[in-house]
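Trainee: The structure is given below, and queries will be raised subsequently.
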Amino acid sequence: MKYAVITGTSKGLGASIAKQLMEASVHVIGIARSENKALMDADLPGSYQHYQTDLADLEQTQQTFMEIIEFLKKQPLESLQLVQNAALVTPIEQVGKQDSKQLTAHVHVNLLSPMIITNLWLDAWRDSDLPLVLVNVTSGAANRSVYGWNAYGSSKAGLDRYTNTVALEQDTLGTGNKVFLFDPSIMDTEMQGEIRSSDQSQFADVEQFKNYKTDNKLRDTDDVAKVLVDRLLDETTIQNGEYYSVKDVL
Ligand SMILES: NC(=O)c1ccc[n+]([C@@H]2O[C@H](COP(=O)([O-])OP(=O)(O)OC[C@H]3O[C@@H](n4cnc5c(N)ncnc54)[C@H](OP(=O)(O)O)[C@@H]3O)[C@@H](O)[C@H]2O)c1
């Protein structure tokens, strides 16, 4: 059986990726703080199992993944993919005016949880012949400085370096595992709503992002998910360590 574990499936891009993989007979295990009733009730060839977990809580994250790994070890696995998509854009604020708790949650969800999960994942399947696929969802913000996005740009830049380093290690070790980055560009999700709701003093480019919405420049998550899912459904097309952008296709 084909399995995919996806973080952030309650809405946005993660929900679209989950649905499309289920349509292709992949069994999806989704993780988020809120459930996704539509996925749970969907009558599709692939099943959906949800783990309600706060990825800002590292003990909860570790516990959830130990349970998922224990479950998966009992399944006849034909393929196993991990899509780390969950992220926060907040706090959107200049440095010097931020709340430390919000900053901690940000780094936990965007960077530390992917590191902890990847470590557990590679440890769990070290002695298996099954080549793993791991994709981390990044952002163009990793590569440029944006006023007010100091946390987001830094956590995504950290995720990029981490992903590239894991890919290098897997390559050197000759595991056959593929680890890569996916950049979805701008999409019409709640995250964009949060961006638009910031004040100009917090986020200097807020008008530009409001215009993206009014000018219909934000992609639909189903269109973006299709670009990634097409790749995931043909693992031979994936290059270990690659930076794959939706803009390469759409
Ligand atoms: N939207 C864009 O324009 C854009 C652009 C570039 C990159 N991206 C990247 O694309 C990915 C998806 O973004 P999106 O726009 O779909 O975001 P979204 O609509 O805000 O959805 C984020 C998902 O992450 C989950 N999540 C957030 N905090 C969590 C936590 N503490 N514990 C568990 N799950 C948590 C949310 O679930 P719960 O709230 O239910 O926990 C939700 O399912 C992110 O990595 C983002 O950085 C987005």
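Trainee: Between the stretch 128-199 and the stretch 25-42, how far is it from one alpha carbon centroid to the other, in angstrom?
Mentor: After rounding, the separation between the Cα centres reads 22 Å.
Trainee: Another one. Quick check on the stretch 1-134: what are the equivalent-ellipsoid semi-axes from the Cα gyration tensor, as sqrt(5λ), descending, whole Å? Mind showing how you got there, number by number?
Mentor: Values: eigenvalues 148, 67, 26 Å².
Working through the eigenvalues yields semi-axes of 27, 18, 11 Å.
Trainee: Right, something else. On a full-extension model of 0.36 nm per residue, what is the gain between THR172 and SER145, subtracting their alpha-carbon distance, rounded to one decimal in nm? Present the calculation step by step, with values, prior to reporting the outcome.
Mentor: Details: separation 27, 0.36 × 27 = 9.72 nm, distance 3.22 nm.
Contour length minus Cα-Cα distance gives 6.5 nm.
Trainee: Going highest first, how would you order 17-25, 187-195 by mean Cβ packing within 10 Å?
Mentor: Values: 17-25: 21.6, 187-195: 17.1.
Going from most to least packed, we get 17-25, 187-195.
Trainee: Under Stokes-Einstein, with the Kirkwood radius over Cα pairs standing in for Rh, what whole-number D in µm²/s applies to the stretch 124-250 at 10 °C and 1.306 mPa s? Spell out each step's value before the answer.
Mentor: Numbers: Rh = 16.2 Å.
Using the Kirkwood radius from Cα pairs, D works out to 98 µm²/s.
Trainee: Another question, then. Using Cα centres only, tell me the gap between the stretch 60-108 and the stretch 230-250 in whole Å.
Mentor: Going from one Cα centre to the other spans 22 Å.
Trainee: Next up: With axes computed from alpha carbons, what is the tilt in degrees of helix 221-232 against the longest principal axis of the chain, rounded to the nearest 10 within 0 to 90?
Mentor: 40 degrees
Trainee: How far apart, in nanometres, would the label points at ASP199 and GLU59 be if each is projected 7 angstrom from Cα along the Cα-to-Cβ direction?
Mentor: My value for the distance between the label points is 3.7 nm.
Trainee: Can you give the direction-averaged projected area of the convex hull of the alpha-carbon atoms in the chain, in nm²? Present the calculation step by step, with values, prior to reporting the outcome.
Mentor: Working: hull surface 52.1 nm².
Over all viewing directions, the chain projects a mean Cα-hull area of 13.0 nm².
Trainee: To the nearest 10 degrees, how steeply does helix 12-23 sit against the main Cα axis of the chain, on a 0 to 90 scale?
Mentor: Helix 12-23 and the main axis of the chain meet at about 30 degrees.
Trainee: Could you provide, to the nearest whole Å², the per residue accessible area of the stretch 24-123 with probe 1.4 Å? Please list the in-between numbers first.
Mentor: Working: 4930 Å² over 100 residues.
The answer is 49 Å² per residue.
Trainee: Over 29 Å between Cα atoms, which of LYS73/LYS247; LYS74/LYS247; LYS19/LYS97; LYS210/LYS247 qualify? Kindly include the intermediate steps, with their values, before the conclusion.
Mentor: Numbers: LYS73/LYS247 36 Å; LYS74/LYS247 38 Å; LYS19/LYS97 39 Å; LYS210/LYS247 21 Å.
Beyond 29 Å between Cα atoms: LYS73/LYS247; LYS74/LYS247; LYS19/LYS97.
Trainee: Can I ask one more? Taking only Cα atoms, what is the 0 to 90° angle, nearest 10, from helix 150-173's long axis to the longest principal axis of the chain?
Mentor: 30 degrees
Trainee: Which whole-number percent is the relative contact order of the stretch 98-250 (Cα, under 8 Å, 6+ apart)?
Mentor: 25 percent
The values are calculated or read from the model by the stated rules, or taken from the named source; none is laboratory data. None of the values given here were measured: they were computed from a predicted structure. A quick note on method: Cβ atoms are made from the backbone with ideal geometry, for glycine too, and the neighbour counts reach across all protein chains shown. Quick note on the areas: whole protein, heavy atoms, side chains included, nothing else; ligands and nucleic acids left out. Shrake-Rupley method; radii C 1.70, N 1.55, O 1.52, S 1.80 Å.
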